[in-house]
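Step one of this worksheet: look at the structure below.
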Amino acid sequence: MRKVAADIIYHYQTKQSYLNIELNAALEKTPLSREDKDLITRIVYGTVQNEIYLMYQLEPFIHGKIKAYERAVLLISFYQLIFLTKIPTYAVCNEAVDMIKKKYGMQRSKLMNAILRNFIRQGVRPIEAKDELDYLSIETSTPLWLVKLLNKQLGKEKAVQICHSYLEKPSLAGRVNTLKASRDEILAEYPIFKAGNLSEDAILFEKGNIAHHELFKSGKVTIQDESSQLVARFLNPKENSYVLDMCSAPGSKTTHLSALMNNTGKIEAYDIHEHKIQLIEMNAERLGALNITAHAMDSTQLRAVYPDETFDYLLLDAPCSGLGVVARKPEIKYQAPDSMDGIITLQRQLLEVAYYLLKTGGTMVYSTCTINKKENQMQMESFMKLHPNMRCVKEQLILPYEYHSDGFYMCKLTKGADNESNL
């Protein structure tokens, strides 16, 4: 079982792939009990969430080079020894040593045994840091560049809360599909769910996978984070409108728009990836959203498809750095800081297309699942400076610790001949 976890971490790190893809692929091909799969998932995600802290603990015991696979085994072992204290230490050590012995031989397994035994004897290393931000970085396994960014943009108190929230388990939320049911009906019939704290369409559940529930299969409920559920209602399109969703997959917000429009009008849903179009169509079919047409195309090229001033409403849920969803996808926080530069440029390109395709008098929402001002407020300021007839009606920033949801930014704008920016 621990070998599966070590293999996942090793492949994720050496191939620089997506953690969830490696995890799902490994669990699908390995015959394990539900309990074992849950433990592997906890070890894998916990190890990646706490990687900087684990490396800080491991550092005094490493003398010379270690192989990538050895590093993976040490990380999952240290995670178990520090955080999963109900697991016997001998079980962690014996299996780690056995994994290395089978792969590299007796000599390397002795080194593994020595490292683990020394750590168990000496105990957890107190954090010694240069300053408060460095301490926060090690304590919460948040890269120092990100700690400094959050501190600069939001202040120390919020930075501390955000970094700690990255280690917490976010709420499990579903959205009631109002094309087929009301939230009151669901809550009355299924007491295992409770009303959400943020979205009027949200239900919360304590554990399990809602995708296996009859409500999901019947299309009365779909999986969607509470913050994400606010986006469609932010746009709030009228019935019989013509709507463009520029970055639609997997279709959660698109199908929400369809429900708000009561299956009237038409929604053109785009995604750049051909294989994701099927996800949009499958979600639309399950939820009974009949007014959606999904297309595979780069949305920066949509002015070649539609005349300017075509759409009544437009949603641009833009590609972003994802700094609001780190609790769900911990690998995001380890991205290089300059990786955001290309994303910000792409956001600008998409916003330009959105501007021209939106009718005068039309409404659009720009949203991201990041909390980085350069991709949010500053992006909107630049956009409205370039296009003075775009006016901000309202905006909202949700920080991940506030509702145990994803961090999200939304800005609703209208396009008018004489609008002046008021952001």
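The values are calculated or read from the model by the stated rules, or taken from the named source; none is laboratory data. It should be emphasised that the depicted structure is a prediction, and the values quoted were computed from it without experimental measurement. Every residue, glycine among them, receives a Cβ derived from its backbone with ideal geometry; neighbour counts consider all protein chains shown. Areas reflect the complete protein model, heavy atoms only, side chains present, ligands, DNA and RNA absent. Shrake-Rupley method; radii C 1.70, N 1.55, O 1.52, S 1.80 Å.
It is to be established whether one or more residues within region 390-398 are within 24 Å of GLU157 (Cβ to Cβ) and touching a Pro at 6+ places or on another chain (Cβ under 6 Å). There is no residue in region 390-398 that is within 24 Å of GLU157 (Cβ to Cβ) and touching a Pro at 6+ places or on another chain (Cβ under 6 Å). Within region 295-314, the only residue that satisfies the criterion of being open to solvent by 30 Å² or more (accessible area, probe 1.4 Å), touching a helix residue (DSSP H, G or I) at 6+ places or on another chain (Cβ under 6 Å) and aliphatic (A, V, I, L, M) is ALA296.
When region 1-30 is filtered for residues that are crowded, with 18+ Cβ neighbours inside 10 Å and aromatic (Phe, Trp, Tyr), the ones remaining, listed by number, are TYR10, TYR12. Kindly check whether there is at least one residue in region 208-216 that is under 30 Å from GLU35 (Cα atoms), modelled with pLDDT of 95 or more and part of a loop (DSSP other than H, G, I, E, B). Taking every residue of region 208-216 in turn, none turns out to be under 30 Å from GLU35 (Cα atoms), modelled with pLDDT of 95 or more and part of a loop (DSSP other than H, G, I, E, B).
The set of residues from region 230-254 being without any contact (Cβ under 8 Å) to a residue 60 or more places away in the chain, in a loop (DSSP other than H, G, I, E, B) and of a type in the set (D, E, K, R) comprises just one member, GLU239. Regarding LYS238, is this residue modelled with pLDDT of 95 or more and open to solvent by 10 Å² or more (accessible area, probe 1.4 Å)? Answer is yes for this residue.
Residues in region 387-402 that are under 12 Å from LYS415 (Cβ atoms) and either of a type in the set (Val, Ile, Thr) or free of Cβ contacts under 8 Å to residues at least 12 places away in the same chain (or both): VAL393 only. Considering (1) in contact with a Gly (Cβ under 8 Å, 6 or more places away or on another chain); (2) part of a helix (DSSP H, G or I); (3) over 30 Å from ASN151 (Cα atoms), the lone condition that SER227 does not fulfil carries the number (3). When LYS373, LYS359, LYS276 are checked against the criterion of being under 22 Å from the mean Cα position of the chain (by Cα), farther than 30 Å from ARG42 by Cβ and open to solvent by 60 Å² or more (accessible area, probe 1.4 Å), LYS373 stands alone in meeting it. When region 50-75 is limited to residues that are touching a Phe, Trp or Tyr at 6+ places or on another chain (Cβ under 7 Å) and in a helix (DSSP H, G or I), the one that is most open to solvent (accessible area, probe 1.4 Å) turns out to be ALA68.
Within region 180-217, which residues are open to solvent by 50 Å² or more (accessible area, probe 1.4 Å) and closer than 22 Å to ASN262 by Cα? Once the filter is applied, which keeps residues that are open to solvent by 50 Å² or more (accessible area, probe 1.4 Å) and closer than 22 Å to ASN262 by Cα, region 180-217 yields LYS180, ARG183, ASP184, GLU185, GLU200, LYS217.
Selection within region 326-348: residues that are farther than 20 Å from MET378 by Cα and hydrophobic (A, V, I, L, M, F, W, C). The member of this set that is surrounded by the fewest Cβ atoms within 10 Å (Cβ to Cβ) is ALA336. Picking from residues in region 76-91 that are free of Cβ contacts under 8 Å to residues at least 12 places away in the same chain and outside any helix (DSSP H, G or I), the one that is least open to solvent (accessible area, probe 1.4 Å) is ILE87. Within region 396-405, can one find any residue that is in a strand (DSSP E or B), open to solvent by less than 60 Å² (accessible area, probe 1.4 Å) and more than 21 Å from SER299 (Cβ to Cβ)? Yes, some residue in region 396-405 is in a strand (DSSP E or B), open to solvent by less than 60 Å² (accessible area, probe 1.4 Å) and more than 21 Å from SER299 (Cβ to Cβ).
On the stretch given as region 152-168, residues that are open to solvent by 50 Å² or more (accessible area, probe 1.4 Å) and either in contact with a strand residue (DSSP E or B) (Cβ under 6 Å, 6 or more places away or on another chain) or free of Cβ contacts under 8 Å to residues at least 24 places away in the same chain (or both) total 2. Close contacts from region 329-350, counting a first residue that is β-branched (Val, Ile, Thr) and a second that is exposed (fewer than 14 other Cβ atoms within 10 Å of the Cβ), with Cβ to Cβ under 6 Å and a gap of 6+ residues or different chains, come to none at all.
Select from region 1-59 the residues that are among the polar types (S, T, N, Q) and in contact (Cβ under 8 Å) with a residue 24 or more places away in the chain and list them in ascending order. Of everything in region 1-59, those that are among the polar types (S, T, N, Q) and in contact (Cβ under 8 Å) with a residue 24 or more places away in the chain turn out to be GLN13, THR14, ASN20, THR30, THR47, GLN49, ASN50, GLN57. ARG108 falls short of the stated requirement of being outside any helix (DSSP H, G or I) and farther than 24 Å from ASP338 by Cα.
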